[in-house]
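Undergrad: Questions regarding the structure given below will be posed in turn.
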Amino acid sequence: MKVFVPKERRTGEARVAATPETVKKLTAAGLAVTVEAGAGEAAHFTDAAYRDAGATLLEGDGGGAGWGDAALVLKVAPPAPEEATRLTSGAALIGLLAPHQNLETVRVLAERGVSALAMELIPRITRAQPMDALSSQASIAGYKAVLVAAVRLDRYFPLLMTAAGTIPPSRVVVMGAGVAGLQAVATAKRLGAVVEVSDIRPAVKEQVESLGGKFIDLPMAETGEGAGGYAREMGEDFLRRQREIVHQRVARADAVIATAQVPGKRAPLLVPRAMVEAMRPGAVIVDLAAGDGGNCELTRPDEEVVHGGVTILGPTNLAASMPHDASTLYARNVLALVHEVVTDGALKLDPEASEVVAGALLTHGGEVRHAPTAERLREAVT
Ligand code: NAD
């Protein structure tokens, strides 16, 4: 069975879906892997390393021979619609497909009879943890968000005692203590900051405290714990009360790392304009929810906004700014899914037999199987 790993072409995408390490394992499993020349270049994996791992290198695949030949294509970012048209009917595609932002690609994939498996739709069950690309990439984003804030800040993070006197530690507020938020807490603590955290799931309080962060209690009767341990969407009254409680802490923060998200919904608005205006000039907000509407009212995706001296950054793909380790982990997540869907060297995509396949299959047999995406496509047509 032929597997193809194309070079990522989306602006800013420096990751690659297979590394020499995973290619070696794919070929050991009897798969014939072709890698587009230069696919690993931005993540510092050389063509020679892929060749040594057993891959065939394909030079200059502008015409799409690699895509057209493959039974399985491994991607990071969603393919452009014209890339999707190169896949043959019955072929499979694995990637972070962000279906709601790429409806045209989804439509083409379904129309061509491609079986597209979206990494972000894999159910977060214990058995599927090795495939959890949302976690592996969010962890990098949380780490990097703190480093970005530290670089942009006009102050030290740690407490410093110098001959010229003492510098107090920076204050960091982390909004949302999921995978990215917890990594942000750990990183900010390692740099010596004082860290306060707001989340609506009471279960994370203990995790935050075990990392040395201070959890901001929300005395509301309602909790934000939803299905499967995820957050649920809170009403405006709850969010208003939450904003009142965090206001003073954000106002005196040097850096805010915002990671609060609710699966499938717009990110909650936690830092309105007035809160930014209460912060000191020189403070920095890094809003990792920028791609889903942002936690801060003034965030612009992938732009830098300066408001009253406060810098607001809205990076949507921070994992790609650390492409070597991001690719190493992502490629392992992909490899685990390949092991799930390939049996005896052939694709076996049976939603009845695998909860993972049932969840991840975005398109299959000419249909869009993911109900919210199918709904959006219908809305887009009418
Ligand atoms: P996410 O990116 O969807 O959300 C990030 C965080 O934002 C969550 O902690 C959420 O509670 C929080 N949030 C939502 N609304 C908020 C608000 N108004 N104010 C403050 N915070 C708010 O979440 P994620 O990082 O992908 O994962 C969330 C959780 O899912 C994990 O912490 C874990 O419990 C669970 N999980 C389970 C597995 C598994 O394999 N079983 C794997 C990964 C994650």
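Just so you know, all these numbers are worked out from the coordinates, no wet-lab data involved. For clarity, every value in this text was computed on a predicted model and none was experimentally measured. In this analysis, Cβ positions are derived from the backbone assuming ideal geometry, glycine residues included, and neighbour counts consider all displayed protein chains.
Undergrad: Apply the Debye scattering formula to the range 127-179, with a single equal point scatterer on each alpha-carbon and no solvent, then give log10 I(q)/I(0) at q = 0.13, 0.19, 0.20, 0.22 Å⁻¹.
TA: -0.49, -0.77, -0.81, -0.89
Undergrad: Oh, and also: Determine, for each peptide in 183-195, 350-362, the mean count of other beta carbons within 10 angstrom over its residues, then list the peptides with the highest first.
TA: Packing proxy ranking, top to bottom: 183-195, 350-362.
Undergrad: Report, in deg cm²/dmol and to the nearest 500, the calculated mean residue ellipticity at 222 nm for the chain, where each DSSP H run with n ≥ 4 adds -39500 (n - 2.57) and the sum is divided by the residue count.
TA: The helix contribution divided over the chain gives -10000 deg cm²/dmol.
Undergrad: If you don't mind, another one. Send over the semi-axes of the range 225-275's equivalent ellipsoid, whole angstrom and largest first, taken as the square roots of 5 times the C-alpha gyration tensor eigenvalues.
TA: 22, 12, 10
Undergrad: What FRET efficiency would be calculated for the residue pair GLU59, THR27, taking the C-beta separation as r and a Förster radius of 22 Å, to the nearest 0.05?
TA: 0.65
Undergrad: With θ set to phi - 60°, apply the Karplus curve 6.51 cos²θ - 1.76 cosθ + 1.60 along the range 201-207 and write out the HN-Hα couplings as whole Hz, x wherever there is a Gly or Pro.
TA: For the range 201-207, the Karplus curve yields 9, x, 4, 7, 3, 5, 5 Hz.
Undergrad: Also, I was wondering about something else. If you find the alpha carbon centre of the range 48-79 and of the range 2-20, how far apart are they in angstrom?
TA: Rounded to whole Å, the Cα centres lie 8 Å apart.
Undergrad: Let me ask something else. Given H placed 1.01 Å from N in the peptide plane, which residues other than close sequence neighbours of THR56 have an amide H under 5 Å from its amide H?
TA: VAL33, THR34, VAL35
Undergrad: Rg and Dmax of the range 182-296, using alpha carbons, in Å: what are they?
TA: Both quantities, over Cα of the range 182-296: 13.6, 40 Å.
Undergrad: Sorted from fewest to most neighbouring beta carbons within 10 Å, what does the list LEU74, LEU288, LEU121 look like? Mind showing how you got there, number by number?
TA: Working: LEU74 28, LEU288 31, LEU121 20.
Lowest count first: LEU121, LEU74, LEU288.
Undergrad: Just rank ILE245, ILE285, fewest to most, by other beta-carbon atoms within 10 angstrom.
TA: By the 10 Å Cβ count, ascending, the order reads ILE245, ILE285.
Undergrad: Explain nothing, just compute: Karplus ³J(HN,Hα) = 6.51 cos²θ - 1.76 cosθ + 1.60, θ = phi - 60°, for every residue of the range 282-287 in order, whole Hz, x for Gly and Pro.
TA: x, 5, 10, 10, 10, 9
Undergrad: Would you mind pulling out the separation of the Cα centroids of the range 288-346 and the range 203-279, in Å?
TA: Cα centres, the range 288-346 to the range 203-279: 21 Å.
Undergrad: In a solvent-free Debye calculation with one equal scatterer on each Cα, what is log10 I(q)/I(0) for the range 91-216 at q = 0.17 Å⁻¹, listed in the order of the q values?
TA: -0.91
Undergrad: Could you run the Karplus curve 6.51 cos²θ - 1.76 cosθ + 1.60 with θ = phi - 60° over the range 253-265 and give me ³J(HN,Hα) per residue in whole Hz, x for Gly and Pro?
TA: Using θ = phi - 60°, the values come out as 6, 8, 9, 10, 10, 9, 10, 6, 9, 10, x, x, 10 Hz.
Undergrad: Distance from a point 7 Å along Cα→Cβ of LYS348 to each backbone N in the range 115-143: keep the residues under 18 Å and list them by number.
TA: 128
Undergrad: Please identify, among VAL246, VAL146, VAL173, the residue showing maximal mean-square fluctuation in a Gaussian network model of the chain using a 10 angstrom Cα cutoff.
TA: For the chain, modelled as a Gaussian network with Cα springs under 10 Å, the answer is VAL246.
Undergrad: Pull out a ≥ b ≥ c, the square roots of the eigenvalues of the alpha-carbon gyration tensor of the range 287-382, then state rounded if a/c is under 1.5, prolate if not and a/b is larger than b/c, and oblate in the remaining case.
TA: Oblate is the answer for the range 287-382, as a/c is 1.5 or above yet b/c matches or exceeds a/b.
Undergrad: Using a Cα-Cα cut-off of under 23 Å, which lysines could be cross-linked to LYS214, ignoring same-chain neighbours fewer than 8 residues away?
TA: In chain and number order, the partners are LYS144, LYS189, LYS205.
Undergrad: Can I ask one more? What is the set of long-range amide H partners of VAL368 at a cut-off below 5 Å, with H atoms built 1.01 Å from backbone N?
TA: When sequence neighbours closer than 5 places are left aside, there are no close amide H contacts.
Undergrad: Still on this structure, I have one more. Kirkwood Rh over alpha-carbon pairs of the chain, then Stokes-Einstein at 37 °C and 0.692 mPa s: what D in µm² s⁻¹, rounded to an integer?
TA: Answer, rounded: 149 µm²/s.
Undergrad: According to a simple spin-label model (label point 7 Å from Cα along Cα-to-Cβ), what is the distance in nm between HIS324 and ARG232?
TA: 4.5 nm
Undergrad: Would you work out if the range 95-155 is rounded, prolate or oblate? Take a ≥ b ≥ c from the square roots of the eigenvalues of the alpha-carbon gyration tensor; rounded if a/c is under 1.5, else prolate when a/b is larger than b/c, oblate otherwise.
TA: In terms of gyration-tensor shape, oblate.
Undergrad: Let me ask something else. What residues have an amide H closer than 5 Å to that of LEU160, excluding those fewer than 5 places away on the same chain, when H is modeled at 1.01 Å from N in the peptide plane?
TA: For LEU160, the qualifying residues are ILE167.
Undergrad: Which of the listed residues, VAL197, VAL151, LEU134, is farthest toward the dipole's positive end in the range 89-229, when Lys, Arg count +1 and Asp, Glu count -1 at the beta-carbon?
TA: VAL151
Undergrad: Please label the shape of the range 1-148 as rounded, prolate or oblate, based on the square roots a ≥ b ≥ c of the eigenvalues of the alpha-carbon gyration tensor (a/c under 1.5 means rounded; beyond that, a/b larger than b/c means prolate, else oblate). Walk me through the numbers before you get to the answer.
TA: Working: a/c = 1.39, a/b = 1.08, b/c = 1.28.
It comes out rounded by the Cα gyration axes.
Undergrad: Based on alpha-carbon positions alone, could you give the equivalent ellipsoid semi-axes of the range 145-243 from the gyration tensor, as √(5λ), descending, whole Å? Each step should come with its number before you reach the end.
TA: Numbers: eigenvalues 178, 35, 28 Å².
Over the Cα atoms of the range 145-243, the ellipsoid semi-axes are 30, 13, 12 Å.
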